[in-house]
Structures are given as C-alpha cells and as structure tokens.
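Written out below as structure tokens is the structure these notes cover.
The values are calculated or read from the model by the stated rules, or taken from the named source; none is laboratory data. What you see is a predicted model; the values in this text were computed from it and never measured. Methodologically, a virtual Cβ is constructed for each residue, glycine included, from the backbone with ideal geometry; neighbour enumeration extends over all protein chains shown. Calculation scope for accessible area: heavy atoms of the full protein, side chains included, ligands and nucleic acids excluded. Shrake-Rupley method; radii C 1.70, N 1.55, O 1.52, S 1.80 Å.
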Amino acid sequence: MTKNALFIIISVLITSLKGYSQNSLTGKVTDKTTHETIPGASLYLPDLKRNTITDTAGKYTISGLPAGKFIIEVKVLGYTSINFSSQVKGVTVKDIELEETKLEGGEIVVTGVSHATDIKLNPMPIVVIDQNYLNTHVSTNLIDGLSRIPGISAVTTGPGVSKPFIRGLGYNRVITLNDGVRQEGQQWGDEHGIEIDEYSADRIEILKGPASLIYGSDGLAGVINILPPKDAPEGHIIGDLVSNYQTNNGLIGNSLGVSGNTGGYTWMLRGSHKNAEDYQNKYDGRVYGTAFNETDLDGSVGINRSWGYSHINVSIFDQLLEIPDGTRDSATGKFTKPVNDSQYVVVPNNELNTYKISDLHQHVQHYKVFSNNNVTIGDGRLSFNIGYQQSIRREYSNPENINVPGLYLFLQTGTYDFKYAFADIKGWEPTIGVNGMYQINENKGTEFLIPDYRTFDAGGFAYVKKSFARLNVSGGIRYDIRNTQGDALYLKDDQVVSAGEAGAITKFNAFNKDYSGASASIGATYNVSENLLLKGNIARGYRAPSIAEISANGVHDGTVRYDIGDPNLKPEFSLQEDLGLSFTSTHVSIDAEVFNNDIQNFIYLQKLLNHNGTDSIIVPGNQTFKYVSGDARLYGGELSIDIHPHPLDWLHFENTLSIVYALNKSTTNDSNKYLPFIPPVHTNSELRANFKKRRGIFENSYAKVEMQYFFAQNQVLLEGNTETPTPGYTLFDAGVGADIINKKGHKLFSLHILANNIFDVAYQNNLSRLKYLDENFVTGRTGIYDMGRNISIKAIIPFDVK
C-alpha cells in the first residue's frame, strides 16, 4: 500500500515537471448513411482504461495519451459496435462512421490475451456478458446469473451459493479474477460462493478451456474475469442506484455506486446490501436453512497520465449464510433443527418466514486491496498487478455453543502479476510475464478439516501473436512451480496438544510437497469471408492438487460429508482441442464450438465403502468421501443460433445448446465410468421483441419468453451411491422492461419485471447439493427441490453530472 502511494506521488511529480503529453486522439463520430453526427457515443481504450463520450456535435478528444498502437472500442445504442487499432503519435485525428443495426458488433476482450484483442481474433473459446444481460435475467447471486450461458453451469447449495463450472469442471480448476486480479477464498469448498459483489460487475469475460498459459495453475477449466464499470469520462461524476425485489425468497437488494474523473484523477465508491428469507417450492414449502445476508463495499482511486495509469482498489465482502441439513420430522415431513447433539425439533413457521439468520450459519468475510498499473517503458508497456487479500470463514454448527465457530479458516494471500508487452516486431506482438501467489492458512476453530499450511506459487510465460491478412495466429509456453508445506496437528479429547503427549492422536502429518508442470497453447482464426470466421486452438493445461485434495481429514460442515485427502495425488495435465465457427448475416447469426479434453490424474471425490460394501461412517450423520484420481475425457460443445429476420429487425429468436460428456478412462466398471458433477444436455430458447425507438415515456423496451429444457442426466457416478440419476424437466420464463424517459428525452430510470419458472415446476438440478439430503418419509421424495416461481422487479436509476 505504501509503495503504491509512493509510486503515484513520484509519477505525479515527474508529470508536473515534464508537462502533459501532446499525444491525443480526436475526431468525430457520424452516421455512415446520413452523415449526421452522433452524440453520446462511447469510445474506450481498454489497455489504458481511458474512455470518453462524444459531445452534442459528435466530437471527441482523449488527451494525455502515450505514443503507441492501441485498440479502440466504439459503442452507441442502435449502431453496430466497432473495434479498430490506431497508431497514436502527436495529435491523431480519427473520424469514425457507424452503421445503424439491430445486431451487436464485435467485442474487445482482455482475458487470456497479452493485451486488449477483438474477440473475433482470439482463437480460444471466450464469451462476454455485459450489464444488459445481467439486468434482463433473474439471478440470486453473481454465478447464478451466468448459468444459462452455453458451457457454463454451477454447483449450488440453495440460492445463496453457486460455484462456477466450465464444461463440467469446477472448484480449483476455474480461476476467478476480479479486474484481472486472482480471487482466493477456499475455492475447494462446495458450500460458499464467489466473494464478489454482484452489483459491482459491469462486464464478465469467460474463457472456456485451459488458461494455465496466462494465469498459471488452477486455470485448467478456464477463467471467469469479473470487470468493474469503466472510469467516468473526464469532467464527469456518474453513478447508479439499483434496487431489486424477488418474490420467492423475499430477496431485497440495493446498491449505490458513484465515480468521478477530474484532470485524470479517478475515484469510485459502491456500497451494496441484500438479504433473503428461506426460499420455497411446491413440494418442500419454505426450505429451512437457505436464508442469507450480504453487505459489500468497493472503492478505488487512480491516476491516468501519458505514462499510463495506476489504480488502487479496496473491497469488503461480508456474508451470512444459513446451513441447510435437510433433516425432517418423520411424522409430518416438516423441517427440523437441532437443539443439542441428539434432539431435533420442528422449525416453527415464524423462523421460516424471517430475514433473521439462524444461530447455525456460516460467516464468510473477504477483504482485498490491490493495485492495477500500466506504464510505458521504452517502446513497450509494463503492466503489473499486486494484491493482498484475507478470506475468513467461520461455521457455527454447535447448537449448544452457538457463539463458538467449529470450522474457522483464516486465509491470507498475496498475489503478483507482471507482464511486458513489446512493441510490434515486423507484425509480431510478443509478451513475457511472471505471476503467482504466496498463501498462508490458519485454523482458529475447534474443528479441523485441513491443516495450517503455506503455499508458494510462481510461473513464467512467453506469448506471441501475429496477423497475416485474413489469418491470425497466437500461442505461447509456460512453466509453473508450487511448494505447499503443511503443519502436523495432534489432538487429545478434541483439544490441540503437543507431539508425543500420551493418548494424543495424529490429525494431520507434516508434509512438504513440490509440484511443477509445463503448459502451452497455439491457435488461429481465419476469416473465410466478411460473414464467416473459423477458429482452432490446442492447449495443454496444468493444475497442482489443492490443499483439501492432499490433506483433508475431517467433517466438512455444510456438505454432510467427512472428507479424506490423499498426499500422493499427482498434478493434473490436460490436452484440449477446440474448433469453432462463427457466421453472421442479415437474417441469422450462428456460433458453434466443439471440444475434446483429455486429463491425466483427474482428481475427484468418491464415496468410501467399508469391507462389507456399505457406507463407511467415521462421524455419524456424515457420509465419508475420499479424493481419488484417474485419467478422464470430457468432450462436447455449444451451439448458438440467433434468428433476426429482416425487415422484422426488432424480433429475435435465440436458441442455445450445451453438451458435455465425461468419462473415467481408468475403469471398466459401469458404476464409476462417469465423472461427477457433469451437467445434463441443456437447451434454451428465447423469443424476444426489442423496440429501441421512443413510445410515449418508454424507450428501449423489450418483451420476451424463454424455455429451458434440461435432459435427464443418467450418466452419473453411481459407485457407492455417490450420485443418482436426475429426471429431465422444462422451465418457462418471461420478462418485460424499458427505459423510462422524460419529455426532454433524458432517461429517468430503467425498469425490468422478470419471472423465472412461471409454471412453478418442482424439479431438482443435477448439480444441486441439496438433492442428496435426507428423504422426506411422508412423501417418499429424497432431498430438497429447487426454487419455485420467482418474480423479480428491478429498477436502475442512473445519473451523470458534469
């Protein structure tokens, strides 16, 4: 923190002495057909985090830029978004023409590449989710909002907890980034989600496939990069107030964000809060233990100058989550709660219909400070991110001692990421970099699942890309090392004691593990024509085992499991091939992707049986699972078809298909030939009407109806009854929304009224962990069903002050 502050002060002094750079980008934006100027168009330079909007005359100026070649994104409602590269030196004039359209143009991505790149030129499969998508779909948490994207799913524990999966792989195989900085918070756990405020997300980039090349170990499945809103334009203070209510669990969410930019000094502040009661469905009624409460605070300050930029960011995440165990009264089928280790009572109705969090709950806190920097050095640019974060997780599971947490994990992580992008060398754009982390975990509770440990992780890579007319190629290599040291722990009568004490048992043995591995990627895109694009990529991924996989030994509260690790597990290595096709025309847009992923030493949990072939129970009430490994193969693909018949440009019929098959190649036994937590084949169809022109007080209005169909999932890990097949089901959703404007045409607020599961279907998602809780002996149904009908009302009030 002190070093970053000193860096900013020195930079300001240097800038003051030298004066402002004369490099600038200026021009005007016009309609290609009418040649009329377009006010309010947004221009953004992602590599520099600089943006502006055109004035009432359609003119723009971005001054104080470094000399160099940069990609610029231009967007305005009702026109095709465009991206172009421009060499900036001195006063660079660039006039821009836009075409009216009902379709979205190309996107710029920053995930998985050395610097900002047109998504069409990136050979790796990647998808971009913008704020409009998040606002027009119902979600109870950030990851839940992504689960309709082809290839993306989530392991859930009710509406408060969603763990991201990409093409059937999750946990420590998915790296979550917050503005490019790695998010660390016990990713191996099922029962808590991603510690990022959903209202702070302006844009999400999802890389599907091995991302070990740029980000290191744990990127075997891919990356989810959650990006905040852009800085305010120069001389503006902007912000929004978001308010959301959902009927099923009474979710109330509110968020206020404001940011400003004066003379290149930027700042941002956002505060959010949401709480929810227990959710409900027609089979279970109110599901006890699923209420949650969350409070978040995010802030940043920064400086933009001709040498680059430096931003400091701080975030606080504080969440209370109830712990559902699914126990029921045998006579009535109603949910029960424990009053001591052996006695349960029926939960009264007033506890099912309250925002008050029960005594038995989780408390998840995450504190983070990090700095994003980008500096011109020579003819290239150095970008570096340095961060520190604390993840504090407590589980209160003892009804007789509700103020003392059982499991209490205190995780501290320091992350670093340095990249240097060289200037073009005869069209080649090389980048080199190093990144990694240092991590310390301490147990502060009375229960122990993993030991105290320390991890040091480091990796270096080289990446290059080049364009040959219609052909674009990119690739690189990387090597990673990781050292993990675990401390021994001895217990006597559930108390920590010294080694060698009489009667002491060994809970954890001390260990010192070294892992290493190489990863690589090479791919290409080829523009067959203006309408047709082909992509291909092959990548080798690497992942070191997580701390839980090599050392777990204890009850995993919230999962009703006793987990056992294996210190002899080896790193995972994957080889994934991707092929993609993108076709766009006046009437239809098609995106198709297929993949094949072979993984060596694939690690997964499997139920442990005793010598009699029945459940091995170490602690009553908890099934015993052990981490095992074997070779695996996952394959499948995604298909998206958007039909928008001209001249009915306001009409869209969007259809998606997601397929993942996953085989355990190390067995011939039918009961364990499939991998766990694999989503079923899933289709989604949406018929939507968009009316961008003003009609009375309404502008940019829309109405839509959706149908989701989930096929039956019978390809599950049957051995030891680890998983059970899941029947198929169909869900219907609907929604309407619009911008509400005043007589002068200024937007007052946006309103979205959306409904999920409008026919209140009772179903169980194959990836829901609540599916495996106790049987209701009154109805004969096992586990808990997912959320019933849910209507969401969301209002967004923007403001912009010069």
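With the requirement that a residue be in a strand (DSSP E or B), buried (at least 20 other Cβ atoms within 10 Å of the Cβ) and either among the polar types (S, T, N, Q) or touching a helix residue (DSSP H, G or I) at 6+ places or on another chain (Cβ under 9 Å) (or both), what does the range 632-677 give you?
Result: T656, S658, N664.
What number of residues within the range 548-600 are touching an Asp or Glu at 6+ places or on another chain (Cβ under 6 Å) and open to solvent by less than 40 Å² (accessible area, probe 1.4 Å)?
Narrowing the range 548-600 to residues touching an Asp or Glu at 6+ places or on another chain (Cβ under 6 Å): 552, 556-559, 565, 569, 575, 580, 582, 589, 593, 595-596, 599-600.
Next, from what is left, pick out any that are open to solvent by less than 40 Å² (accessible area, probe 1.4 Å): 552, 556-559, 565, 569, 580, 582, 589, 595-596, 599.
Residues flagged as touching an Asp or Glu at 6+ places or on another chain (Cβ under 6 Å) and open to solvent by less than 40 Å² (accessible area, probe 1.4 Å) within the range 548-600 amount to 13.
Just one of the numbered conditions (1) crowded, with 16+ Cβ neighbours inside 10 Å; (2) in a loop (DSSP other than H, G, I, E, B) is not true of V74; which one?
(2)
Which condition does Q186 not pass, out of (1) within 28 Å of R540 (Cβ to Cβ); (2) at pLDDT 90 or above; (3) more than 11 Å from the chain's Cα centre (by Cα), if it passes all the others?
(2)
Which ones in the range 167-199 are open to solvent by 20 Å² or more (accessible area, probe 1.4 Å) and hydroxyl-bearing (S, T, Y)?
Y171, Y199
Would a scan of the range 232-246 turn up a residue that is touching a helix residue (DSSP H, G or I) at 6+ places or on another chain (Cβ under 8 Å), within 30 Å of I797 (Cβ to Cβ) and surrounded by fewer than 24 Cβ atoms within 10 Å (Cβ to Cβ)?
Quick first cut of the range 232-246, residues touching a helix residue (DSSP H, G or I) at 6+ places or on another chain (Cβ under 8 Å) only: 242.
The next check asks that each one be within 30 Å of I797 (Cβ to Cβ); those that pass are 242.
Among the residues that remain, those that are also surrounded by fewer than 24 Cβ atoms within 10 Å (Cβ to Cβ) are: 242.
Yes; the residues of the range 232-246 include at least one that is touching a helix residue (DSSP H, G or I) at 6+ places or on another chain (Cβ under 8 Å), within 30 Å of I797 (Cβ to Cβ) and surrounded by fewer than 24 Cβ atoms within 10 Å (Cβ to Cβ).
Does the range 202-219 contain at least one residue that is part of a strand (DSSP E or B) and among the polar types (S, T, N, Q)? Even if it seems obvious, please write down each step before you answer.
Step one: list which residues in the range 202-219 are part of a strand (DSSP E or B), which gives 203-208.
Still in the list and also among the polar types (S, T, N, Q): none.
Checking the range 202-219: not a single residue is part of a strand (DSSP E or B) and among the polar types (S, T, N, Q).
Just a yes or no: is a residue in the range 297-305 of a type in the set (S, T, N, Q), outside any strand (DSSP E or B) and modelled with pLDDT under 95?
Within the range 297-305, not a single residue is of a type in the set (S, T, N, Q), outside any strand (DSSP E or B) and modelled with pLDDT under 95.
Just checking, how many residues over the range 687-713 are in a loop (DSSP other than H, G, I, E, B) and in contact (Cβ under 8 Å) with a residue 12 or more places away in the chain? Spell out how you get there, then give the answer.
Let us first name the residues in the range 687-713 that are in a loop (DSSP other than H, G, I, E, B), namely 692-694, 696-697, 711-712.
Now restrict to residues that are in contact (Cβ under 8 Å) with a residue 12 or more places away in the chain: 692, 694, 697, 711-712.
Count: 5.
I want to confirm something. Restricting to the range 453-492 and keeping residues that are outside any strand (DSSP E or B) and farther than 22 Å from E184 by Cβ, which single residue is least open to solvent (accessible area, probe 1.4 Å)?
Residue satisfying both the conditions and the ranking: A488.
Looking at (1) free of Cβ contacts under 8 Å to residues at least 40 places away in the same chain; (2) in a helix (DSSP H, G or I), which is the only condition K771 fails?
Condition not satisfied by K771: (1).
Count, please, the residues in the range 95-146 that happen to be within 22 Å of E195 (Cα to Cα), modelled with pLDDT of 90 or more, polar (S, T, N, Q) and part of a loop (DSSP other than H, G, I, E, B).
So the count comes out to 3.
Could you tell me whether I753 is under 26 Å from the mean Cα position of the chain (by Cα) and either surrounded by fewer than 17 Cβ atoms within 10 Å (Cβ to Cβ) or assigned to a strand (DSSP E or B) (or both)?
Details: under 26 Å from the mean Cα position of the chain (by Cα): yes; either surrounded by fewer than 17 Cβ atoms within 10 Å (Cβ to Cβ) or assigned to a strand (DSSP E or B) (or both): yes.
For I753, the condition - under 26 Å from the mean Cα position of the chain (by Cα) and either surrounded by fewer than 17 Cβ atoms within 10 Å (Cβ to Cβ) or assigned to a strand (DSSP E or B) (or both) - is met.
Would you pick out the residues in the range 358-368 that are surrounded by 19 or more Cβ atoms within 10 Å (Cβ to Cβ) and out of contact with any helix residue (DSSP H, G or I) (no Cβ under 8 Å at 6 or more places or on another chain)?
First, the residues of the range 358-368 that are surrounded by 19 or more Cβ atoms within 10 Å (Cβ to Cβ): 358, 360-362, 364, 366, 368.
Passing the criteria: L360, H361, Q362, V364, H366, K368.
Would you call N684 surrounded by fewer than 16 Cβ atoms within 10 Å (Cβ to Cβ) and either outside any loop (DSSP other than H, G, I, E, B) or in contact with a helix residue (DSSP H, G or I) (Cβ under 7 Å, 6 or more places away or on another chain) (or both)?
Working: surrounded by fewer than 16 Cβ atoms within 10 Å (Cβ to Cβ): no; either outside any loop (DSSP other than H, G, I, E, B) or in contact with a helix residue (DSSP H, G or I) (Cβ under 7 Å, 6 or more places away or on another chain) (or both): yes.
No, not satisfied.
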